Structure formats: structure tokens, C-alpha cells
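Okay, structure first, notes after.
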Amino acid sequence: MSESEVGPATGGKRGRKQSRPDPADGPVAAFAYRLCELKESAGDPSYDRMRGDFGAAASKSALSSAARGQDLPSWETAWEFVRSLAVGVLGQDSETVRREWLRRWEHARAAAEQPAPAPAEAPEQPETPVPPVDHEPPSAEPDPESGPAGARRRGWILAGTGLAVVLVAIALSVYLLSGPERPIPGDASLMLSETVPDGTPIDAGTSFVKSWDIMNVGRVPWSGRYLEQTGERIGDAECTAPQRVWIRDTPPGGKVRVTVPVLAGETTGQCKIAWKMVDENGDLFFPDQALRPVFFDIEVTPRSN
């Protein structure tokens, strides 16, 4: 399944790979995490390439700072970061991308400006009255819980409690290891169209962009989803493409375009790479046999003069 727009997305001098911020560190870090996802989906170009080749009108330091997640960038810087990649590299619609990312930026700003809740003060504890001392002589009747019979009963109670704890731990482990139910009931996907039809000839050493238009035809909103390579490559030729690309949030009935930049190698022949939908942990939303993967299947040909 596919779609295409030609344009370089890889190559150029690369520096040390910037680590992603942790989205759990707060709204600013989560926004920067999304910027890093977009950058990787566009082939992870350097900041110099974002400025020189793709027209980002922001300084290299401002672009780098936006992706670190320590301070929320200005909207102007954030838009230049997004526009150069989503529009300049991946060919997405400028106005649609702008509305979506402005909403995310405003949400991050509003959440970051909220004051932290003050710690709750512990309520005063009333004084516990001291019971009067009973000076009556102890009863002469024996304690039924003392002696060998009481010890046996206490042992049975402790053993039963320990067994219950073990059974609960085993059940919890089985639940956690079993993972989420997939496919999720009511979850469904449909590939509507693609670019770069199967068998398209691509000059060796050149770049192209493959796209798929996918529709959420189920009842489950899509969030935190990706297309990830299945690991199965077919053909003698080699192609370089991102291992994982982000799928923007899509409600039921919505459509999304997912795009990957691809660099054809120097070896001629067939090159086919497939992707399937996964979550951030790499777990399949549509396991084997539930849904066919999307893929590109091109023919790498000798360079044309």
C-alpha cells in the first residue's frame, strides 16, 4: 500500500543522535517528544538540513532546544520545526498540520502554566483517651488460644493467608504478561490509497517518499500508534527507511496519511519493505492474520544519465 512525492529526506552530515525527552516528565516534555517523533518520521535530518534544505526559519540552537523538552518553544519556533518536516519533507497539507500542532502547543502551554497543587495538610488527630486500669484479678479460666491447639489454629491461618497472597501474585503476573487484548474489539483499519505503485522503477541512490491513506473504520479512537517495519525484507536491492513512523491521532471515521522517506541503495533489483501498526511498546494492534501489512515494492534500476 502506498503514495508518493519525490524529495530527499536522508543523507548529509549527521551529528550525535539526540535523545528523546520522557513524555511522563510533563506537558513540555511530551510536546518535545512529539517533535522528536516527527523528526524521526521524516528521516531524522540534522538541524542544519532542516534550515538549509527544508527552509526552517529558526536558528539551529532554537530547533535543538525545542526538541530537548526543558522549556516550551515559542509558537513561531515550534511551527518552523514542524513545517520544515511535515510539509517540506513529508508533503502533508500545511493548514491541516498547522491547526493540529497549534492545538498541541496551546495545550502544552496551558498545562505548563497551571500552578502545582499545594500539599494537603494532615488533619489533626484527636487525643486517644487512656482506658482506666482494671485492678480486678485475672480470670482463672484458661485462654482457648493458648497452648498447642491455639498454636495450630494460628499456623493454619497464617498458611492460608500466605497461600492467598501467592495465588493473587500468580494471577497478577499472568494478567500483566498476557498483554492487552488484540485486536481490540471494534478496532478496524482500511487502506484507501497509496503512492508509488508496486513495481515502480526508482534510480539507484535516489530518494522518494511513500505514503498510505488509511481510514479508521472502527469504533476505537487511535492514539499513540505507529507503523513499524515487520523485519521481513524481500529482494536483492537495499533500501533505507525509518524503522518506525508515527500515526497522528485519528477518531473513528477519520482518515490519516502516513508517509515514510526512502533512500534506494546502489544495488539494483527488487526492494520490498512492510510495516504493521503497533503501540509504543511494539505490540501489534492487528496481530498476524488479522490485518495485512502496508508496504512498498519498487524496482531499483541503474542511474539514468
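The values are calculated or read from the model by the stated rules, or taken from the named source; none is laboratory data. Worth saying up front: this structure is predicted, and the values here are computed from it rather than measured. Using ideal geometry, Cβ is built from the backbone for each residue, glycine included, and neighbour counts are taken over all protein chains shown.
Restricted to the range 64-77, and to residues that are within 20 Å of the chain's Cα centre (by Cα) and closer than 14 Å to TYR47 by Cα, which residue is surrounded by the most Cβ atoms within 10 Å (Cβ to Cβ)?
Here the residue is ALA66.
If you check GLU232 against the conditions, is it part of a strand (DSSP E or B) and under 15 Å from ASP297 (Cα atoms)?
Numbers: part of a strand (DSSP E or B): yes; under 15 Å from ASP297 (Cα atoms): yes.
Yes; evaluated as a whole, the condition is true for this residue.
Please work out if ASP236 is touching a Pro at 6+ places or on another chain (Cβ under 9 Å), outside the structural domain of VAL89 (by TED's automatic domain parsing) and either among the acidic types (Asp, Glu) or within 18 Å of ASP93 (Cα to Cα) (or both). If you could, list the steps in order and put the result at the bottom.
Working: touching a Pro at 6+ places or on another chain (Cβ under 9 Å): no; outside the structural domain of VAL89 (by TED's automatic domain parsing): yes; either among the acidic types (Asp, Glu) or within 18 Å of ASP93 (Cα to Cα) (or both): yes.
So ASP236 does not fit the description; no.
If the requirement is being out of contact with any Ser or Thr (no Cβ under 8 Å at 6 or more places or on another chain) and not aliphatic (A, V, I, L, M), which of these qualifies: GLU238, GLU280?
Every option except GLU280 fails the conditions.
Filter the range 70-93 for residues that are within 16 Å of ARG34 (Cα to Cα) and assigned to a helix (DSSP H, G or I) and give the result.
TRP75, THR77, ALA78, TRP79, GLU80, PHE81, VAL82, ARG83, SER84, LEU85, ALA86, VAL87
Given the condition under 18 Å from SER207 (Cβ atoms) and among the charged types (D, E, K, R), answer yes or no: does some residue in the range 240-255 qualify?
Filtering the range 240-255 for residues under 18 Å from SER207 (Cβ atoms) gives 240-243, 245.
Narrowing further to those that are among the charged types (D, E, K, R): none.
There is no residue in the range 240-255 that is under 18 Å from SER207 (Cβ atoms) and among the charged types (D, E, K, R).
What about THR96, is it at pLDDT below 90 and not in a loop (DSSP other than H, G, I, E, B)?
Details: at pLDDT below 90: yes; not in a loop (DSSP other than H, G, I, E, B): yes.
Yes; evaluated as a whole, the condition is true for this residue.
Condition first: in contact with a Phe, Trp or Tyr (Cβ under 9 Å, 6 or more places away or on another chain), at pLDDT below 90 and within 25 Å of ALA110 (Cα to Cα). Can you find one or more residues in the range 41-55 that meet it?
So far as the range 41-55 goes, no, none of its residues is in contact with a Phe, Trp or Tyr (Cβ under 9 Å, 6 or more places away or on another chain), at pLDDT below 90 and within 25 Å of ALA110 (Cα to Cα).
Just checking, how many residues over the range 197-236 are of a type in the set (Ser, Thr, Tyr) and touching a Phe, Trp or Tyr at 6+ places or on another chain (Cβ under 9 Å)? Walk me through it before giving the result.
Of the residues in the range 197-236, the ones of a type in the set (Ser, Thr, Tyr) are 200, 206-207, 211, 223, 226, 230.
Narrowing further to those that are touching a Phe, Trp or Tyr at 6+ places or on another chain (Cβ under 9 Å): 200, 226, 230.
The total comes to 3.
Against the condition out of contact with any Ser or Thr (no Cβ under 7 Å at 6 or more places or on another chain) and touching a residue at least 12 places away in the same chain (Cβ under 8 Å), how does LYS255 come out, does it pass? Full working, then the answer.
Details: out of contact with any Ser or Thr (no Cβ under 7 Å at 6 or more places or on another chain): yes; touching a residue at least 12 places away in the same chain (Cβ under 8 Å): yes.
So LYS255 passes the test.
Please specify each residue of the range 242-252 satisfying the condition of being free of Cβ contacts under 8 Å to residues at least 60 places away in the same chain and part of a strand (DSSP E or B). Full working, then the answer.
Looking only at the range 242-252, we keep the residues that are free of Cβ contacts under 8 Å to residues at least 60 places away in the same chain, and these are 243, 247, 249-252.
Hits for the range 242-252 are ILE247, THR250.
Per-residue answers, yes or no, for (1) part of a strand (DSSP E or B); (2) surrounded by 13 or more Cβ atoms within 10 Å (Cβ to Cβ); (3) of a type in the set (Asp, Glu):
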| position | (1), (2), (3) |
| --- | --- |
| GLU228 | yes, yes, yes |
| ARG257 | yes, yes, no |
| GLU266 | no, no, yes |
| CYS271 | yes, yes, no |
| LYS276 | yes, yes, no |
| PHE296 | yes, yes, no |
